[in-house]
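Asks: I have a structure here, written as structure tokens, and I will follow up with some questions on it.
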Amino acid sequence: MTDIAAPASAVLSPPRAPLALAWLARRAEGVVIPLGALLAGMALFSVFLLLLGKSPSTFLELMWRGGFGSWFSIQNALLRATPLIFAALCVALPARLGLTVIGGEGAIVLGGVAAAAFGHWLGNAPSVIVLAAMAAAGMVAGGLWIGAVGALRHYRAVNETISSLLMAYIAIALMNHLVEGPLRDPASLNKPSTHPLTEAARVGPIPGMDVHWGLVVALLACVACWLLIEKTRWGFAARVAGGNVRAAQIQGLAVGPLIVGFCALSGALAGLAGMFEVAAVQGSANASLAAGYGYAGILVAFLARQNPLGVVPVAFLLGGIAAAGGLIQRRMGLPDATILVLQGMLFIVVLMSETLYGRFKCFDPDRWKRAP
Amino acid sequence: MNAQTVPAVGVEAIGMTMRFGGFTALDDVTVKVPAGSFHALLGENGAGKSTLVKCMMGFYTPTSGDMVVNGREAVIASPKDAGALGLGMVYQHFTLVPSLTGEENLVISRENAPAVIDWGKERRDLKSFMERMPFKIPLEQPVSALAAGEKQKLEIVKQLYLGRRFLVLDEPTSVLTPGEAEEMLGLVRGMTRRGELTVLMISHKFHEVTAFADDVSVLRKGKLTGRGRVANLDRRKMAAMMIGDQAIAALDQRAPTPADAVSVLEVNAVKAKDRSGLKSIEIDGLKVKAGEIVGVAGVSGNGQKEFLEVLAGQRAREAGEIRVKNASYEATREQSRKLNVRFIPEEPLRNACAPKMTVAENIAFRTFDLDKDGKPASWISARAIRDYATSLIAQFKVKTASLSSPIQSLSGGNVQRAVLARELSGAVDLLIVSNPCFGLDFAAVAEIRARIMKARNGGAAVLLMSEDLDELLELSDRILVMSDGQLVYETPIAQADLHVIGEHMAGKH
């Protein structure tokens, strides 16, 4: 037994000086760089519009009006932000473990189908029970799906980015199979769907708004995920493993269960997004579940720097852009895919901006501390 | 390309200054290496040795300074210019193509290698060339089949073959056994004596400098702090030039290991695949007692890394058993905590830290999931982590701008101090260490070795794997040699003979 302690002499150098500036510098980097990337992406998109002979200023004005300019459009943005938040958490949680999971779409789709199946099956039970069962079913389906991605990653060394993407395609095919086959409502003719949900199985709006309760659950999930990562031993262990898996192993941390657990949790959250799409928006499960929220969520998570709290404003912003899509389409004569072009450009610019962290001296907190 | 007709080249670097932004890496350094001399360049990591050499070889354009080659001012704007003037460099790590033979490596390295190679003619030319060389190397074998010493000789031969007659050797013996190092440097020394070659050798091994070099130049923090004939200097004077007047931690006296000391670590018939997956490592009958340091010597790549990974639970073992304090040990967090087992892997930033997490968080890796009474806790407290780190940083003299700086912003020595602070606080019964001082400066090395000795004297069992024989000789109670994945030799420190150890390291028994 040894206890090795040398006399205390050299302490922190230099001593704590103007901390406020240093604090500000550290925080500012994570806000200024994504904002700059957003602006650069918009500039790039403006060039694209000019090449098409359209006016960027009209576009921006319509985007404002359609996404953020009125109570109506804000609610529309919030409605679209809800699945984006869940989908972004499905990227952000594994990212803290150093994993790039991009297949949240699969978990959303399967979560939706599972919820619809349970909703139809238990349709006549009291609402609380039906909704709880639907949520549980959606979470289990999504959790198993992304949990499997984590297990493949840790135990069989399968690249999680590729496997999650491929599994998303499998999930969509599985949904199509179920919706057109065993779970199909014979009455749905043009668009194969599951049986319409009964009133007890529907999630209603938040009083005074047109936005459903899923938004509240999404916000709570963000706070819970933030607490999990920043304040609990599991979150700390995940950050160690994400920062350096060898260091985590040599500390004896159970890396495998951490990876599978975090992946399953993130898949469960994406499954919840599917459940709310079914129970609050669509009323049944059908091909509309694969609306690309899972992929847009990747963009949200990266813009938010994988911070669960940062996900909220970014999802609102992108929700607004998506909400304005219809208006822009009608007024400017642009195709539906224009919004996707914008999203794609933003995503590339944001990915490139990741390389800029630590490059700007003005964000170095130590520099501000040393200042007289 | 005739060793008799091409004489050695003399080189002078005059007033070399190199600034990177506001940082002066090299400050008005002048080094003169006359033709046919063997010159040593001494200095700690970051003293500017590599920068100086890179300026001389045209990798960097110095901020100011001149090069004189054979008495004439020369412009060296690129490594190509340096090559044309007969200046060449042999790197610390091998640059040969492992799958090609020695002959093929030599011929393709030539700048004017023909598009269609007449191998018959090349072989005849090489044969007559090799007859004039003191080095004997099997040129018809793939380089991958050569021993480290032979590879290093081939690197030197390659430079001579290319017509270089001034060679920079960058820590040329770091991957060689003592025997190989001595032979290789002896042959080079012979060539300089005969006026066929000039050598500038970067080193931090004093015994090599004393045994082989004519002159020495010493750098510290980018400045020339001393130079002279090696014959007129002793080790202490050179060390003083290298490190200045820093205080160096003294090693505690070795307390005798009690005769009845218990075995803390026992490794029985452990078998595991090595990194390539083709060979395996097999360790049997290794015991480390409380209060002793067992050193494991070996040339890098003989299974030491894999063995540490097996002990730390990072690599699956196929057979065998590891016991700590008579209990089966699987390297889980709970077991390590209960049995007081600590690991200090090599390259701490790569193997023991999360580089982007803060200094305080990195120091908390071992204890973040405990509350202040040592009970498991679900919620972590940022304040407790900070307070814990503050006291350890003071005790272990970690120099950091703040607790919330990312640990990767610290110097190598301070990263290692932070890891030691984390792993050596509290009760330690078994300490498993690998190359703890690699790449660190003098003061940090002395301090880290002192801490390991202190842990030993305090009753910890220490397993120390190191590629640095001097370190093993200084610290160990017993030395084992690892070669080709097995422990092949054991000697108590009192009877340790450097040459016998070296031969076992080279696998000659």
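Laboratory data are not the source of any read-out in this text; all were calculated from the coordinates shown. Just so it is clear, the model here is predicted, and its values are computed rather than measured. Backbone-built Cβ (ideal geometry, glycine too); neighbour counts: all protein chains shown.
Asks: Just in the range B:111-180: which GluC sites (Glu not before Pro) are loop by DSSP and have at most 16 other Cβ atoms within 10 Å?
Replies: The qualifying sites are B:Glu111, B:Glu140.
Asks: If you don't mind, there's one more thing I want to ask. Could you give me the ³J(HN,Hα) list for the range A:311-319, computed from phi with Karplus coefficients 6.51, -1.76, 1.60 and θ = phi - 60°, whole Hz, x at Gly and Pro?
Replies: Values per residue, Gly and Pro as x: 4, 4, x, 5, 5, 4, 4, 6, x Hz.
Asks: Please average, across the residues of B:393-402, the number of beta carbons from any other chain that are within 10 Å of each residue's own beta carbon, and give a whole number.
Replies: Averaged over the peptide's residues, the number is 6.
Asks: From the helices alone, meaning DSSP H stretches of at least four residues, give me the mean residue ellipticity at 222 nm for chain A, per-run term -39500 (n - 2.57), in deg cm²/dmol to the nearest 500.
Replies: Theoretical 222 nm ellipticity from helices: -22500 deg cm²/dmol.
Asks: May I ask you to derive the FRET efficiency for B:Lys372 and B:Lys121 from their Cβ-Cβ distance with R0 = 56 Å, giving the value to the nearest 0.05?
Replies: Efficiency at R0 = 56 Å is approximately 0.10.
Asks: Let me have the relative contact order for chain B, percent, based on Cα pairs under 8 Å that are six or more residues apart.
Replies: About 16 percent, as a whole number.
Asks: With the contact rule set at Cα under 8 Å and sequence spacing of 6 or more, what percent relative contact order holds for the range B:403-509?
Replies: 19
Asks: If only Cα atoms are counted, what is the Rg of the range A:83-312, and what is its Dmax, in Å?
Replies: Rg and Dmax of the range A:83-312, Cα atoms, are 17.4, 59 Å.
Asks: What list of ³J(HN,Hα) values in whole Hz, one per residue of the range B:321-337 in order, does the Karplus curve 6.51 cos²θ - 1.76 cosθ + 1.60 (θ = phi - 60°) give from phi, with Gly and Pro shown as x?
Replies: Per-residue couplings from phi come out as 9, 10, 10, 10, 6, 6, 10, 4, 10, 10, 6, 7, 4, 5, 5, 4, 5 Hz.
Asks: Place +1 on the Cβ of every Lys and Arg and -1 on the Cβ of every Asp and Glu in the range A:83-312, take the dipole about the Cα centre, and give the residue among A:Val203, A:Gly243, A:Gly142 whose Cα lies farthest towards its positive end.
Replies: Ranked along the dipole, the leading option is A:Gly243.
Asks: Here's a follow-up. If neighbour count is taken as other Cβ atoms inside 10 Å, put B:Lys454, A:Lys361 in order from fewest to most.
Replies: Lowest to highest Cβ neighbour count: A:Lys361, B:Lys454.
Asks: Here is a further query. Amide H to amide H under 5 Å from B:Tyr489: which residues, 5+ apart in sequence or cross-chain, H placed 1.01 Å off N in plane?
Replies: B:Val481
Asks: A follow-up question, please. In the P(r) worked out for the range B:236-275, what percent of Cα pairs fall beyond 12 Å?
Replies: Numbers: 619 of 780 pairs.
Here the long-distance tail beyond 12 Å is 79 percent of all Cα pairs in the range B:236-275.
Asks: With an 8 Å Cα cut-off and a minimum separation of 6 or more residues, compute the relative contact order for chain A in percent.
Replies: After rounding, I find 35 percent.
Asks: Now for a different question. What does the charge dipole of the protein assembly as shown about its Cα centre add up to, to the nearest 20 debye, if the Cβ of each Lys and Arg holds +1 and the Cβ of each Asp and Glu holds -1?
Replies: Working: 87 positive and 77 negative charges, 339 e Å.
I would put it at about 1620 debye.
Asks: As a footprinting exposure proxy, order B:Met16, B:Met482 by other Cβ within 10 Å, with the fewest listed first.
Replies: Ordered from fewest to most neighbouring Cβ atoms within 10 Å, B:Met16, B:Met482 come out as B:Met482, B:Met16.
Asks: Further question: Just going by the charge dipole of the range B:11-243, with Lys and Arg at +1 and Asp and Glu at -1 on Cβ, which of B:Gly149, B:Ala113, B:Met241 is farthest out on the positive end?
Replies: B:Met241
Asks: Ignore the peptide's own chain and count Cβ atoms of other chains within 10 Å of each Cβ in A:237-248; give me the average, rounded.
Replies: Mean shielding by partner chains, rounded to a whole number: 6.
Asks: So, one more: Just grab the label-to-label distance for A:Arg27 and B:Asp252, each label 7 Å out from Cα along the Cβ direction, in nm (one decimal).
Replies: 4.6
Asks: Fewest to most neighbouring Cβ within 10 Å: what's the order for A:Leu342, A:Leu60?
Replies: So the residues, fewest neighbours to most, are A:Leu60, A:Leu342.
Asks: Can you list residues whose amide H is under 5 Å from B:Ile344's amide H, if they're 5+ apart or on another chain and H is modeled 1.01 Å from N?
Replies: Long-range HN contacts for B:Ile344: B:Ile432, B:Val433, B:Ser434.
Asks: Pull up the DSSP beta bridges for the protein assembly as shown and report the antiparallel fraction as a percent, rounded to 5.
Replies: Around 55 percent antiparallel, to the nearest 5.
Asks: While we're looking at this one, here's another question. Where nothing but the Cβ of Lys and Arg (+1) and of Asp and Glu (-1) is charged, how large is the charge dipole of the range B:352-426 around its Cα centre, in debye to the nearest 20? Each step should come with its number before you reach the end.
Replies: Numbers: 10 positive and 6 negative charges, 44 e Å.
The dipole of the range B:352-426 has a size of about 220 debye.
Asks: So, one more: Among the lysines, select those whose C-alpha is under 26 Å from the C-alpha of B:Lys221, and discard any that sit fewer than 8 residues away in the same chain.
Replies: List returned: A:Lys361, A:Lys369, B:Lys32, B:Lys49, B:Lys54, B:Lys205, B:Lys237, B:Lys397, B:Lys399.
Asks: Moving to a separate point now. Given H placed 1.01 Å from N in the peptide plane, which residues other than close sequence neighbours of A:Ser193 have an amide H under 5 Å from its amide H?
Replies: A:Asp185, A:Ser188
Asks: Can you give me the distance in nm between label points at A:Glu180 and B:Thr210, each placed 7 Å from the Cα along the Cα-to-Cβ direction?
Replies: Label-label distance for A:Glu180 and B:Thr210, simple model: 8.4 nm.
Asks: Let me ask another. Report the far tail of the P(r) of the range B:146-258, meaning the percent of Cα-Cα pairs longer than 16 Å.
Replies: So the portion of pairs separated by more than 16 Å is 66 percent.
Asks: How large is ³J(HN,Hα), in whole Hz, for each residue of the range A:29-35 in order, when computed from phi with the Karplus curve 6.51 cos²θ - 1.76 cosθ + 1.60 and θ = phi - 60°, using x for Gly and Pro?
Replies: Whole-Hz 3J(HN,Hα) from phi for the range A:29-35: 4, x, 9, 5, 5, x, 4.
Asks: Could you work out Rg/(2.2 N^0.38 Å) for the protein assembly as shown, with Rg from alpha carbons only?
Replies: 1.14
Asks: Put +1 on the Cβ of each Lys and Arg and -1 on the Cβ of each Asp and Glu in chain A; which of A:Thr82, A:Phe45, A:Trp71 then has its Cα farthest toward the positive end of the dipole?
Replies: A:Phe45
Asks: Same structure again: Can you give the helix-only mean residue ellipticity at 222 nm for chain B, where every DSSP H stretch with n ≥ 4 adds -39500 (n - 2.57) and the sum goes over all residues, rounded to the nearest 500 deg cm²/dmol?
Replies: For chain B, the value works out to -9500 deg cm²/dmol.
Asks: Set the Förster distance to 35 Å, then compute FRET efficiency between A:Ala40 and A:Ala287 from the Cβ-Cβ distance, nearest 0.05.
Replies: Once the sixth-power term is evaluated, E becomes 0.50.
Asks: If you don't mind, there's one more thing I want to ask. Please state the Cα pair-distance histogram of the range B:352-426 with 10 angstrom bins from zero: what percent is in each bin?
Replies: The distribution over the range B:352-426 is 21, 57, 20, 1, given as percents.
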